[in-house]
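Take a look at the structure set out below.
The values are calculated or read from the model by the stated rules, or taken from the named source; none is laboratory data. No experiment lies behind these values; they were computed from the predicted model shown. Note that we place each Cβ from the backbone using ideal geometry, even for glycine, and neighbour counts take in every protein chain shown.
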Amino acid sequence: MKVFLDLMWFFKQEKKAYLTGIIILLFVAFLQLIPPKVIGVFVDHIKNDTLTAKIMLIWIGVLIAAAAIMYVLRYYWRIMIFGSAVKLSRQLRNKLYQHFTNMSQSFYQKKRVGDLMAHATNDLQAIQQTAGSGVLTLVDSLATGGFVIIAMATTISWKLTLIALIPMPLMAILTSWYGTMLHKKFHKAQEAFSSLNDKTQESVTGIKVIKTFGQEKEDIEDFRKQSEDVVQKNISVARIDSLFDPTISLIVGISYFLSIAFGAKYVLNEELTIGQLVSFTTYLGLLIWPMLAFGWLFNIVERGRASNDRVTALLAEKADIIDEENSVEIVPSGDIEFNVSEFSYPDENVPLLRDIYFTLKRGETLGVVGKTGSGKTTLLKLLIREFEGYNGTIQFAGHPLFQYRLEKLREAIGYVPQDHFLFSSSVAENIAFTNPDAEIDEIYEAARTANIHEDILQFSDGYDTVVGERGVSLSGGQKQRISIARALIMNPEVLILDDSLSAVDAKTEEEILNSLKQNREGKTTIITAHRLSAIQHANLILVLDEGEIVQRGTHEKLMLENGWYKDMYLHQQLEELVEHGG
Amino acid sequence: MEKTTVIKGKEQRQVLFRLLSYTKPHLKTIILAFVLLLVTTVGDILGPILIKIFIDDYLSPRNLVFEPIFALGAAFIGIQILNVLVSYFQLLKFQEIALKIIQQLRVDVFSKVQALGLKYFDKTPAGSIVSRVTNDTEAIKDMFVSVLVTFIQGAFLIIGIFIAMFILNVKLALFCLVILPLLLLIMRAYRKYSSIFYQDLRERLSQLNAKLSESLQGMAIIQVFRQEKRLRKEFADINDQHYQAGMRNIKIDGLLLRPAIDLVYVFAIILILSFFGITSFNSPIEIGVLYAFISYLDRFFEPVNNMMQRLSMYQQAIVAASRVFKVMDETELAPAQELNENRSISAGEIEFRNVSFSYDHKRDVLKNISFTAKPGETVALVGHTGSGKSSIINLMMRFYEFERGEILIDGQSIKSYAKDELRIKMGLVLQDPFIFFGTIKDNIRLHNQNMTDKEIEAAAQFVQSHLFIEKLVDGYDHQVVERGSTFSSGQRQLLAFARTIAANPKILVLDEATANIDTETEEAIQLALAKMRKGRTTIAIAHRLSTIQDAELILVLHQGEIVERGNHQELLAKRGLYHKMYLLQNGLEDRVEDVVG
């Protein structure tokens, strides 16, 4: 029940709705007592032959009024209590989303998207249930249960009430126990289902491999086996699930039996009238729900608490990279000075960068090359402040990076990442990502510079073609070029291409580099690449190896040195030289 | 975004009947379940009747004879206990049947998916195919398990109650029949509105989740382009729409669900009380009958409530089922082969004869392609992206059907070989080698359980991949995580080589096999390729021209046509497109100008 305390902030916030809802619930619980009472009155009048048309009309009038009021009230408590619960999940969801947008990349390195999604969906669902059904169940079962028991004990017979109630707690205990077991088995069934899901996902995405090796039959057999596992796991769920109804009806049956048996004795002793006995059994019917509800409540609350704890813990995570106090509100523009003696990712000991010192004048182009894993991307990530915690400083236009407001710093940078992620919206919207109000001409211009304009015009809906996960699939090269256009439209002070030309062919690469040369006149550009042709024109080329600069200079200078650069260059030329020299 | 549509009456019934046809193989179990259900229902109905007999025959007239009363009590308890056992098995049986039916449905739709051609996979996102096989069938399962079973059980109980009512008092039972149209009315109204609102809610939820999932995946981009505020706003808007939809659902549920049913319940009590009240003015009343009616009413509404709450599930399941059936009725099948069981590929000569092809029947991606790869020779395909290289391989692998021209293997049409023969004799290495969940061994062996560990290791050794495999934790039993993303693309490629070589094909097909790999790994791959190609006819696509210099024939493709052909030397001497590509790739733009200018 601690979760209700944890959620108190929300109950306080929605005080009015919850209080109204609870008061209405109490009213309904009270009004519910009327029909059984009226039944009892009728039975006694009929039995004693004292029923008149007038008495009948009065009581029927009472019933109609009670029914109508209950209908209205039942509608309203739902709005109040369930409505607030939905509000809670909306509020938490927004809060989580905002939190996600504030978290630094180190957070995303540690967490998996799937888990974060689960928090935002399943956990919120469980919390919503606690704030809705949980509150309802608690209040309603206490109120209805309490009122009914009081009515039974005071207006009929407290002795009979006690006797009839004997088996009831057993019901709450058993159903709650089943609930816990069910939850466990259900979890297993879910796991089996999700591995079936993974299997299907794999088969569908790997369909070419399966077809290539002609293993359709074997794969179907594998699927059949896994789906059999799902069936078995679900049957063990069903084994528990099927216990609920029989248990309930057995216990209710025993309770009825006890009340009729002992009630009959009291009727014979004239301690009770038959009408009261009929009322009593009807009241007993009203008790089933609160008892069941109590069993449920524990499960709802338990799940709600676990979920709430997880979400709270998630929200408590602090972002690593935040604006300093007094950070300046200017978009930096000027030279970049890199003085980093060492950097390693949080929680890792191996340094990824060591002794990186260089100055890049405004308007110059920097090329960074080296093997995979040599630290090229890491270097860029420090520059865009995705990571911090290095020894040394990185200065941009005369100030260390952290002195700029993060937003302003990033306004100066157009970044084209290695993994070209596009959003599920139109091509135009993807290119105009930083400025949704961009003129279509600006979008065209950026696309032309990135050499993708002609391709886009070939798409089924041109610039309105939806791309991304749920849109048409594009080739890697097309995606890369769209992400280049997305960065270009900002006309950024610094353009960063992180191996962004890897999926385009040599001819396209050359065209893009040419148009960039004109477009980026006077502006700083940083390019990392595997293919040396992409950085050959750079003012400064850094060769990285295991996080250190092993060579630096212009293409011409590097070609005069013996080292990786020249080797690589010669390697790429080797065949050509053999051809022409021989 | 997948639009979920509301399906209208007639189609809905067709879908339901088609679903129900899956029950056929389980007819015996179903009959058993129904018999059990019948027994439980009778048990449920008998309880109040026993109490009625007790009240009217013994309690009211104060006629206390021990033996019959004891017998009544014993019967009551006996029935309760028996009922518990029978109803447990009944409930379980129904669930078992439902689960088995869904399994069959799943296997059927999965088999169908496997039989579909790649054309289908091109136009359908993978996620939605997976959804058909798992999530949609899960929704149908929910319907079978809870909706259908609840409806059947509820219907049995309601009918049973009415039978009991008719036995007790025909006239009153007739009056009580009024309740039925009233309930039906509410149900219809609820179904009509809730199906709209509920559908809407689900759609909003899936939008919300899609937005969230996409934002999480693209968070680095959002942050670096500082669009956090805009996306928060967009998310809040979708969230708000979801909230509104949620509220609408609460309202409709509040108006038409439990509160409405409870209203009908009180109305029914009024009906019964009035009936007995009015009758009592003229004639004596059996209190026990009144008790039994009231007690039946109490039971009557629980199944109704259950059924109402599950209506939305029904709607959903029907929509899901119609989507599943749409896949099952899909006609975009994988290209069929002529039945020629005995024909086998021996030499491995490949000939393309005037092959033209179009994916969309509008624009030809291949135009009059003709070439021959002699047994053991290598034919390389080069060209700009979209020049048709991959299409040639797609046709050769029979991923797509073609009508114009002919592809011949050992002089016979490729269509005349059995599919298995083609799969065994032709080995394809994909551009992005797909790594499955499982161990390294599993990934080389695939589903071929006859392959021994020795053979696997030999294959790996042959293609130079044992070096990196042996360094892994557990070596060949290393568990691959996250689609092999911990391996470099070169390592993945080597693994794919091993997979292909383990199957020992006669013909080797390499699809952009050497693209995107750093130079060091490439050398290992080169070595492996040279060994693999020995004695095999090879068709290779390569981005890097250096990898195919020793090919017997190089075809330069441009917009679906072969514009140049010859070996490396000949093509360079031509100083045409190939020569330009070659120079460009080696970073010699200045010399390209010489050539062009």
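Give the residues of the range B:159-201 that are farther than 18 Å from B:Leu271 by Cα, crowded, with 16+ Cβ neighbours inside 10 Å and either touching an Asp or Glu at 6+ places or on another chain (Cβ under 7 Å) or not acidic (Asp, Glu) (or both), sorted by residue number.
Passing the criteria: B:Gly160, B:Ile186, B:Met187, B:Tyr190, B:Arg191, B:Tyr193, B:Ser194, B:Ser195, B:Phe197, B:Tyr198, B:Gln199, B:Leu201.
Just one of A:Gly263, A:Gly285, A:Gly253 is outside the structural domain of A:Gly134 (by TED's automatic domain parsing), of a type outside the set (Ser, Thr, Tyr) and in contact with a Phe, Trp or Tyr (Cβ under 7 Å, 6 or more places away or on another chain); which is it?
Result: A:Gly263 is the single residue among A:Gly263, A:Gly285, A:Gly253 that is outside the structural domain of A:Gly134 (by TED's automatic domain parsing), of a type outside the set (Ser, Thr, Tyr) and in contact with a Phe, Trp or Tyr (Cβ under 7 Å, 6 or more places away or on another chain).
Just to verify a result, which residue in the range A:514-554, among those that are within 14 Å of chain B (Cβ to nearest Cβ), in a helix (DSSP H, G or I) and in contact (Cβ under 8 Å) with a residue 60 or more places away in the chain, is nearest to the chain's Cα centre (by Cα)?
Taking the candidates together, the pick is A:Ala534.
Which ones in the range A:33-63 are basic (Lys, Arg) and facing another protein chain (nearest Cβ under 9 Å)?
The one that is basic (Lys, Arg) and facing another protein chain (nearest Cβ under 9 Å): A:Lys47.
Of all residues in the range B:448-471, how many are surrounded by fewer than 17 Cβ atoms within 10 Å (Cβ to Cβ) and assigned to a loop (DSSP other than H, G, I, E, B)?
5
Take the residues in the range A:50-90 that are of a type in the set (Phe, Trp, Tyr) and closer than 23 Å to A:Thr137 by Cα; name whichever of them is nearest to the chain's Cα centre (by Cα).
So, considering only residues that are of a type in the set (Phe, Trp, Tyr) and closer than 23 Å to A:Thr137 by Cα, the one nearest to the chain's Cα centre (by Cα) is A:Phe82.
Here are some conditions: (1) at pLDDT 85 or above; (2) under 27 Å from B:Ser87 (Cα atoms). B:Met143 meets all but one. Which one does it not meet?
The failed condition is (1).
Please specify each residue of the range A:366-391 satisfying the condition of being more than 34 Å from the chain's Cα centre (by Cα) and crowded, with 22+ Cβ neighbours inside 10 Å.
Within the range A:366-391, A:Leu366, A:Gly367, A:Val368, A:Val369, A:Gly370 meet the criteria.
Can you tell me which residue among B:Ile554, B:Ile525 is over 17 Å from B:Pro433 (Cα atoms), modelled with pLDDT of 75 or more and among the β-branched types (Val, Ile, Thr)?
B:Ile554
Go through the residues of the range B:415-429 one by one and say whether even a single one is in contact with a helix residue (DSSP H, G or I) (Cβ under 9 Å, 6 or more places away or on another chain) and of a type in the set (Val, Ile, Thr).
Within the range B:415-429, one or more residues are in contact with a helix residue (DSSP H, G or I) (Cβ under 9 Å, 6 or more places away or on another chain) and of a type in the set (Val, Ile, Thr).
How many residues are under 18 Å from B:Phe487 (Cα atoms) and of a type in the set (D, E, K, R) if we restrict to the range B:441-473?
Of the residues in the range B:441-473, 4 are under 18 Å from B:Phe487 (Cα atoms) and of a type in the set (D, E, K, R).
Among the residues of the range B:84-100, what is the count of those that are more than 7 Å from chain A (Cβ to nearest Cβ) and in contact with a helix residue (DSSP H, G or I) (Cβ under 7 Å, 6 or more places away or on another chain)?
The total comes to 7.
Right, B:Leu46: at pLDDT 90 or above and under 53 Å from the mean Cα position of the chain (by Cα) or not?
Against the criterion (at pLDDT 90 or above and under 53 Å from the mean Cα position of the chain (by Cα)), B:Leu46 qualifies.
I'd like the full set of residues that are surrounded by 19 or more Cβ atoms within 10 Å (Cβ to Cβ) and either modelled with pLDDT under 90 or within 12 Å of chain B (Cβ to nearest Cβ) (or both), limited to the range A:453-464.
Across the range A:453-464, the qualifying residue is only A:Asp455.
Of all residues being in contact with an Asp or Glu (Cβ under 7 Å, 6 or more places away or on another chain) and outside any helix (DSSP H, G or I) in the range A:489-513, which is surrounded by the most Cβ atoms within 10 Å (Cβ to Cβ)? Just the residue, please. Walk me through it before giving the result.
Initially, the range A:489-513 is screened for residues in contact with an Asp or Glu (Cβ under 7 Å, 6 or more places away or on another chain), giving A:489, A:501, A:510.
Keeping just the survivors that are outside any helix (DSSP H, G or I) gives A:489, A:501.
Details: A:Ile489: 22, A:Leu501: 26.
Checking each candidate, the answer is A:Leu501.
May I ask you to verify whether B:Gln449 is within 14 Å of chain A (Cβ to nearest Cβ) and in contact with a Ser or Thr (Cβ under 9 Å, 6 or more places away or on another chain)?
no
Report the residue count in the range A:327-344 for those that are touching a residue at least 60 places away in the same chain (Cβ under 8 Å), in a strand (DSSP E or B) and closer than 9 Å to A:Gln395 by Cβ.
The total comes to 1.
Considering only residues that are of a type outside the set (D, E, K, R) and more than 18 Å from B:Lys362 (Cβ to Cβ), look in the range B:388-404 and name the one that is surrounded by the fewest Cβ atoms within 10 Å (Cβ to Cβ). Give the steps one after another, and end with the answer.
Narrowing the range B:388-404 to residues of a type outside the set (D, E, K, R): B:388, B:390-397, B:399-400, B:402.
Still in the running and more than 18 Å from B:Lys362 (Cβ to Cβ): B:390, B:392-393, B:396-397, B:399.
Numbers: B:Ser390: 17, B:Ile392: 28, B:Ile393: 21, B:Met396: 22, B:Met397: 21, B:Phe399: 22.
The extreme case among them is B:Ser390.
Across the range A:530-562, what is the number of residues that are surrounded by fewer than 23 Cβ atoms within 10 Å (Cβ to Cβ), within 25 Å of A:Gly334 (Cβ to Cβ) and aliphatic (A, V, I, L, M)?
3
Considering each of A:Arg112, A:Arg93 in turn, give the residue that is surrounded by 19 or more Cβ atoms within 10 Å (Cβ to Cβ), within 10 Å of chain B (Cβ to nearest Cβ) and either farther than 30 Å from B:Phe225 by Cα or within 27 Å of the chain's Cα centre (by Cα) (or both).
A:Arg93
Does any residue in the range B:134-149 that is within 14 Å of B:Gln90 (Cα to Cα) come within less than 9 Å, Cβ to Cβ, of a residue that is modelled with pLDDT under 80 and in a helix (DSSP H, G or I) six or more places away or on a different chain, and which pairs are these?
B:Ser146/B:Met313
Answer yes or no as to whether B:Lys362 is loosely packed, with under 15 Cβ neighbours inside 10 Å and assigned by TED's automatic domain parsing to the domain that holds B:Pro505.
Values: loosely packed, with under 15 Cβ neighbours inside 10 Å: yes; assigned by TED's automatic domain parsing to the domain that holds B:Pro505: yes.
So B:Lys362 passes the test.
Among the listed residues A:Glu191, A:Glu218, A:Glu202, which satisfies the condition of being surrounded by fewer than 18 Cβ atoms within 10 Å (Cβ to Cβ), facing chain B (nearest Cβ under 8 Å) and assigned to a helix (DSSP H, G or I)?
A:Glu218
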